Amino acid sequence: MVDILSEKGIKKYLKNPEMFDISVMDTVTSTNALLKEYTFASEGKIIIADSQTMGRGRFARKFYSPESCGIYMSLLLKPTLPPENAVLITAAAAAAVSVACERLTNKNTQIKWVNDVLIEGKKVCGILTEGGIDIKTGNFDWAVVGIGINAYEPENGFDDEIKDRAGAVFADRAPERRNRLAAEIINRFWDFYKNLGNKTFFETYKSRMSAIGHQIEVIRGENKKTACCLDLDSECRLLVEYQNGEREYLSSGEISIRRI
Ligand code: ATP
Ligand code: BTN
């Protein structure tokens, strides 16, 4: 069954369609890369693609973005926060994706700190936030939050490289699903983003975190250490305790975690 992404289709479900300038495209290199060419535009410019040839995650890792399966979306923001708080934008986006997926599927979601959303343990969404700094103020000049969702599993399955980790939001295709999900994510994200100072996303985020209370591996480049994940603080830093009893607050920048 066909499920076509379109600007008109998405706007139908938006709470405040007039606040967004949405372009839906067939194939692009990367919606983040493309939107970064329009950082002079106003907050609320959004580029959405049906497929990407060079979709990227953190550390320039490949994000598989095949046609007719996903929603690859980037939103232009003009945040007033200092750049060290960029993680709050990513976390707010993860919380928005979680709530939107739950609403449309009745399935639970989990969040893998800091930027992945999972369903039944499989990654259905990755988020990459990038920003430019105003050198006069040291604050953000712009930020682009890029959200990649596997709405459906590709016909021939996920690529070998990700097939053990990746999952899809919907089990079967139906018209309008991607438009509704995209709109629901934008609606939720905008609410959270406009209240970022009050961190209204925080409980939604923390309550879905799969790592708290569990053993994890903390990965810094080649270095791996086992720890117990104790808590998430309001700056979205992870409090961990290593096997020697030492505790540390982890910031997302250079660190990845895995449940063990
Ligand atoms: P980390 O676990 O280090 O935090 P991450 O899962 O957040 O990493 P990124 O570093 O942002 O991921 O890079 C993207 C990773 O996501 C790839 O290395 C790959 O394992 C995985 N991946 C790529 N495409 C998809 C996809 N369409 N669906 C699910 N996972 C994907
Ligand atoms: C991750 O997997 O952890 C991050 C992946 C982010 C992918 C999205 S898709 C839309 C936007 N364009 C990109 O090239 N990356 C982001």
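Calculate the dipole size of the range 1-146 relative to its Cα centre from +1 charges on Lys and Arg beta carbons and -1 charges on Asp and Glu beta carbons; express the result in debye to the nearest 20.
The calculated dipole for the range 1-146 is roughly 320 debye.
Restricting to Cα pairs below 8 Å that are 6+ residues apart, what does the relative contact order work out to for the range 114-260? Please round to a whole percent.
Relative contact order here is 14 percent.
Taking only Cα atoms and a 10 Å spring cutoff, compute GNM fluctuations for the chain and point out the largest among 167, 245, 197.
Result for the chain, Cα springs under 10 Å: 245 fluctuates most.
Go through the range 21-36 residue by residue and turn each phi into a ³J(HN,Hα) via Karplus (6.51, -1.76, 1.60, θ = phi - 60°); whole Hz please, and just put x for glycine and proline.
10, 9, 10, 9, 10, 6, 10, 10, 5, 7, 5, 5, 4, 5, 5, 5
Between residue 42 and residue 248, how high is the FRET efficiency from 1/(1 + (r/R0)^6) when r is the Cβ-Cβ distance and R₀ = 25 Å? Nearest 0.05.
0.05
If R₀ is 51 angstrom, what is the calculated FRET efficiency for the pair residue 223 and residue 8, using the beta carbon separation as r and rounding to 0.05?
That gives a FRET efficiency of 0.55.
Grab the DSSP H runs of the chain that are 4 residues or longer, score each as -39,500 (n - 2.57), total them, divide by all residues and round the 222 nm result to the nearest 500 deg cm²/dmol. Walk me through the numbers before you get to the answer.
Working: 5 runs with 54 residues, N = 260.
Calculated from helices alone, the mean residue ellipticity at 222 nm is -6500 deg cm²/dmol.
In a Gaussian network model over the chain where Cα atoms closer than 10 Å are linked, find which of 221, 146, 138 has the largest mean-square fluctuation.
Comparing 221, 146, 138 in the GNM, the peak value goes to 221.
Based on alpha-carbon centroids, what's the gap between the range 142-185 and the range 226-260 in Å, whole number please?
28
What is the local net charge at residue 128, summed over the other residues whose Cβ is closer than 9 Å to its Cβ (Lys, Arg +1; Asp, Glu -1)?
Residues close to residue 128 contribute a combined charge of +1.
Pull out the extension gain between residue 107 and residue 80, defined as 0.36 nm times the separation in residues minus the alpha carbon to alpha carbon distance; nm, one decimal.
Values: separation 27, 0.36 × 27 = 9.72 nm, distance 3.44 nm.
Taking 0.36 nm per residue and subtracting the Cα distance, the gain is 6.3 nm.
Could I have the simple spin-label model distance between residue 163 and residue 241, label points 7 Å from Cα toward Cβ, reported in nm to one decimal?
Once both label points are built, they end up 4.1 nm from each other.
Pick out, from 126, 157, 72, the residue whose Cα sits farthest towards the positive end of the charge dipole of the range 7-206, with +1 on the Cβ of Lys and Arg and -1 on the Cβ of Asp and Glu.
Value: 126.
Taking the convex hull of the alpha carbon atoms in the range 1-67, what volume per residue do you get, in Å³?
Expressed per residue, the convex hull around the Cα atoms of the range 1-67 is 107 Å³.
So, R0 is 30 Å and r is the distance between the beta-carbons of residue 133 and residue 1; what FRET efficiency does that work out to, to 0.05?
0.10
For the range 192-234, build the charge dipole from Cβ charges (+1 Lys, Arg; -1 Asp, Glu) around the Cα centre, then report which of 201, 221, 211 sits farthest towards its positive end.
201
So, taking all protein chains as they sit and a 1.4 Å probe, how much accessible area belongs to residue 204, in Å² rounded to tens?
30
Amide H neighbours of residue 232 under 5 Å, counting only residues 5+ apart in sequence or on other chains, H built in-plane at 1.01 Å?
Residues meeting the criterion, in which the H sits 1.01 Å from N, are 239.
Would you work out what percent of the accessible area of the chain, with all protein chains in place, is carbon or sulfur (probe 1.4 Å)? Mind dumping the intermediate values first?
Values: 5710 of 12550 Å².
Its accessible area is 46 percent carbon and sulfur atoms.
At 0.36 nm per residue, minus the direct Cα-Cα distance, what do residue 231 and residue 173 gain on full extension? Give it in nm, one decimal, please.
Gain on stretching residue 231 to residue 173: 17.1 nm.
Is the range 7-206 best put as rounded, prolate or oblate by its Cα gyration tensor, with a ≥ b ≥ c the root eigenvalues, rounded for a/c under 1.5, and otherwise prolate when a/b is larger than b/c, oblate when not?
Verdict is rounded for the range 7-206.
Once you keep just the Cα pairs under 8 angstrom separated by 6 or more residues, what percentage relative contact order results for the range 215-259?
Across the range 215-259, relative contact order equals 39 percent.
With only Lys, Arg, Asp and Glu charged, each at its Cβ (+1 for the first two, -1 for the last two), find how big the charge dipole of the range 176-250 is about the Cα centre; round to the nearest 20 debye.
Using Cβ point charges on Lys, Arg, Asp and Glu, the range 176-250 gives about 360 debye.
Normalising by the residue count of the chain, find the relative contact order in percent from Cα pairs under 8 Å and 6+ residues apart. Please list the in-between numbers first.
Details: 544 pairs, mean separation 49.0, N = 260.
It comes to 19 percent, rounded to a whole number.
Where nothing but the Cβ of Lys and Arg (+1) and of Asp and Glu (-1) is charged, how large is the charge dipole of the chain around its Cα centre, in debye to the nearest 20?
That gives the chain a dipole magnitude of about 340 debye.
The values are calculated or read from the model by the stated rules, or taken from the named source; none is laboratory data. Just so it is clear, the model here is predicted, and its values are computed rather than measured. Ideal geometry is used to build each Cβ from the backbone, glycine not excepted, and the neighbour counts take in all protein chains shown. For accessibility, only protein heavy atoms count, side chains too; no ligands or nucleic acids. Shrake-Rupley method; radii C 1.70, N 1.55, O 1.52, S 1.80 Å.
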